[in-house]
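The values are calculated or read from the model by the stated rules, or taken from the named source; none is laboratory data. As the structure is a prediction and not an experimental result, all values here were calculated from the model. Cβ sites come from the backbone with ideal geometry, for glycine too, and all protein chains shown count toward neighbours. In case anyone asks, the SASA skips ligands and DNA or RNA and just uses the protein heavy atoms, side chains included. Shrake-Rupley method; radii C 1.70, N 1.55, O 1.52, S 1.80 Å.
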Amino acid sequence: AAAAAAAASPPQGAAPPPSQTATPTAAPPSPQGAATNSAPVVASAEELGAWRARFVDALPQIAQLEAAASATTEQELDMEGALACLAGRTGRFLIKRTTVLLGRSTEAKGEVDVD
């Protein structure tokens, strides 16, 4: 019986199973327009320390993903012969010339240009 109990418990220094870890809790969203009087959720110092540690541990992986994304974007721009990319909410434009004139025409204020 003692061997079964020892096998079921995690080794010293091991992280507890996900069901035993502290997770942040948040109040359910309120209907639109409804006033909420609930206090904000406050994490304990231990929870904040654990979140910070996980974030710091993830930084190298985040840096690798950013480098891969940057390299992919550079390769795509090279294949298209573009010097830069102008990305907006509804579109993405590749800039292929060294001189570009950006602007818009409006009836009220005339032409608006940005060099």
ask   = So how far apart, in nm, are the two label points at residue 108 and residue 41 if each is 7 Å from Cα heading toward Cβ?
value = 4.3
request  = Quick one: accessible surface of residue 55, probe radius 1.4 Å, all protein chains present, in square angstrom to the nearest 10.
outcome  = 120
query = Taking amide hydrogens as modeled 1.01 Å from N in the peptide plane, which residues meet the under 5 Å criterion relative to residue 85, leaving out close sequence neighbours?
reply = 95
